[in-house]
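Visitor: Sharing a structure below in structure tokens format, with a few things to ask.
The values are calculated or read from the model by the stated rules, or taken from the named source; none is laboratory data. This structure is a prediction, so every number in the text was calculated from the model and none was measured. Cβ: placed from backbone, ideal geometry, glycine included. Neighbour counts: every protein chain shown. Ligands, DNA and RNA are stripped out before the accessible areas are found, and what is left, the full protein with its side chains, is counted by its heavy atoms. Shrake-Rupley method; radii C 1.70, N 1.55, O 1.52, S 1.80 Å.
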Amino acid sequence: MKAAVITSFGDPSVLRVAEAPQPTPGRAQVLVRVHAAGVNPAEILARAGAFRLRAPAIIGFEFAGVVEGVGPGVDESLVGERVAGWPDSATQGSYAEYTVSSNYATIPDGVSFEQAAATVIGADNAARALGLLNLHPGDTLVVTGASGALGSAAVQFARHRGVTVIGVAGTSNADFVESLGAIPVAHGPGLVARIRAAAPDGVDAALDTAGKGLLPALIEVLGSPERVVTLADRDAAKHDVAFSPGGSGNRDHRPVQEALDLIAAGAWTARVGRSFPLAKAADAHRLVATGHTHGKVIILP
Ligand SMILES: NC(=O)c1ccc[n+]([C@@H]2O[C@H](COP(=O)([O-])OP(=O)(O)OC[C@H]3O[C@@H](n4cnc5c(N)ncnc54)[C@H](OP(=O)(O)O)[C@@H]3O)[C@@H](O)[C@H]2O)c1
């Protein structure tokens with residue numbers, strides 16, 4: 001099969017299309033023909049050498065595609081099913097024609113592979129982090145990175161649960177954030193005053209998905225770090241803020257299924273940005289590294 005194979009870690013140019021062995025599904029796994037792979041900030045780090053992955057490596061931590069085979073213990077009737085989820089291995093990932101997985105949701109009719117690939121990591125992480133905040137209908141929540149994959153999922157889950165959301169994002173994304181049902185607030189100097197003006201009755205909780213040094217501002221708005229959670233700021237402990245780590249042990253396909261079903265019902269937006277063929281995976285990484293993608297960047301293997 002064709003894949004973007006990393007033989008040594010480094011700058012985006014290490015992502016080179018090559019022939020690689022097609023994986024074989026093991027117990028509980030399905031073999032997936034990948035139609036779309038979401039590109040994530042964590043893959044930028046992985047490609048550069050973080051996470052101590054072994055070369056040769058095929059990265060890509062979320063996929064959408066079609067089941068083409070099943071391993072022992074999996075019902076044959078799954079063959080032909082459209083699914084979106086996580087590859088089981090960090091080095092047998094989705095920047096490839098095929099991957100193997102045991103953790104996925106079903107893609108409903110009317111939802112594209114690109115939309116599905118854009119939903120997996122955002123919905124899972126947003127739902128898990130929101131669960132830590134114990135929100136109730138009528139509460140007011142600040143979400144930073146509200147225009148991004150995780151942030152836009154957090155805004156939508158919170159809105160569906162009756163929570164008022166202040167969505168912090170760039171000014172060029174204000175209309176998008178508003179379309180998700182949030183009150184848009186621009187990031188940058190003066191953030192605390194802008195949040196207070198947008199929420200005159202106060203704020204109950206904050207979820208940081210931007211990871212751009214915004215925790216002190218969120219703590220100032222809330223008065224304490226107690227009801228602040230971050231998915232992205234590595235300085236969380238320094239500020240006594242809870243960091244919600246994702247990872248292979250705590251991935252949950254149920255919020256992904258919920259979001260995919262809501263897309264099919266016209267009640268959820270998975271914003272797809274630019275798509276790149278496998279041969280242009282390096283350009284996809286360069287775009288994600290800017291931090292301002294205006295929609296999920298997708299690789300089409
Ligand atoms: N905890 C976990 O397990 C986990 C899992 C997945 C991802 N993550 C992390 O979560 C973060 C977001 O991932 P993503 O896929 O949602 O990224 P994304 O789609 O690229 O979104 C990035 C967001 O950050 C905002 N942003 C960029 N620069 C900013 C700045 N200087 N100040 C304030 N906001 C800024 C962007 O706003 P504008 O473009 O509107 O300016 C956008 O809303 C990444 O750091 C990623 O590594 C963590």
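Visitor: Enumerate the amide H contacts of residue 296 below 5 Å, restricted to partners 5 or more residues apart or on another chain; note that Pro and chain-start residues carry no placed amide H.
Guide: 271, 272, 273
Visitor: Place a point 7 Å from Cα of residue 294 in the direction of its Cβ. Which residues in segment 132-171 have their backbone N less than 19 Å from it?
Guide: Within reach of a label on residue 294, which here means backbone N under 19 Å from a point 7 Å along Cα→Cβ, segment 132-171 contributes 145-152, 168-171.
Visitor: With a probe of 1.4 Å, find how much accessible area the chain has per residue, and write the answer as a whole number in Å².
Guide: Here the residues of the chain average 42 Å² of exposed surface.
Visitor: How big is the dipole moment of the chain about its Cα centre under a simple scheme where the beta carbon of each Lys and Arg is +1, that of each Asp and Glu is -1, and everything else is neutral? Debye, nearest 20, please.
Guide: That gives the chain a dipole magnitude of about 640 debye.
Visitor: To the nearest 10 degrees, how steep is helix 120-131 against the longest Cα principal axis of the chain, on a 0 to 90 scale?
Guide: That works out to roughly 40 degrees.
Visitor: Determine ³J(HN,Hα), in whole Hz, for all residues of segment 146-157 in sequence, where each value follows from phi through the Karplus function 6.51 cos²θ - 1.76 cosθ + 1.60 and θ = phi - 60°; x replaces Gly and Pro.
Guide: Taking θ as phi minus 60°, the curve returns 5, 8, x, 5, 6, x, 5, 5, 4, 4, 6, 4 Hz for segment 146-157.
Visitor: Go ahead and collect, in residue order, the members of segment 91-107 whose backbone nitrogen is under 18 Å from a label point 7 Å along the Cα-Cβ direction of residue 19.
Guide: 96-98
Visitor: A further question on this structure: What full-extension length gain, to one decimal in nm, is calculated for residue 240 and residue 160 as 0.36 nm per residue of separation minus the Cα-Cα distance?
Guide: Net length gain for the segment: 25.9 nm.
Visitor: Here's something else I'd like to know. Once you place label points 7 Å from the Cα toward the Cβ at residue 267 and residue 11, how far apart are they in nm?
Guide: 4.8
Visitor: Could you pull out every residue, at least 5 positions away or on a different chain, whose amide H is within less than 5 Å of the one on residue 70? Hs are placed 1.01 Å off N in the peptide plane, and Pro or chain starts have none.
Guide: 31
Visitor: What order, most packed first, do the peptides 166-175, 3-12 have when packing is the mean number of other Cβ atoms within 10 Å of each residue?
Guide: So the peptides 166-175, 3-12, ranked by packing, come out 166-175, 3-12.
Visitor: Here's another thing I want to ask about it. Can you quote the Å³ per residue value for the convex hull of the Cα atoms in the chain, rounded to an integer?
Guide: Residue-normalised Cα hull volume stands at 122 Å³.
Visitor: Also: Using label points projected 7 Å from each Cα along Cα→Cβ, tell me how many nm separate residue 89 and residue 55, to one decimal.
Guide: 1.8
Visitor: How much of the accessible area of segment 122-243, probe 1.4 Å, is carbon plus sulfur, in whole percent?
Guide: 50
Visitor: Further question: Could you sort out which of 2/296; 212/238; 212/280 sit more than 25 Å apart by Cα distance in this structure?
Guide: Flagged as over cut-off: 212/280.
Visitor: If you don't mind, there's one more thing I want to ask. Just want the answer: with Cβ charges of +1 for Lys and Arg and -1 for Asp and Glu, which residue in 263, 56, 230 is farthest toward the dipole's positive end in the chain?
Guide: After comparing all options, I get 56.
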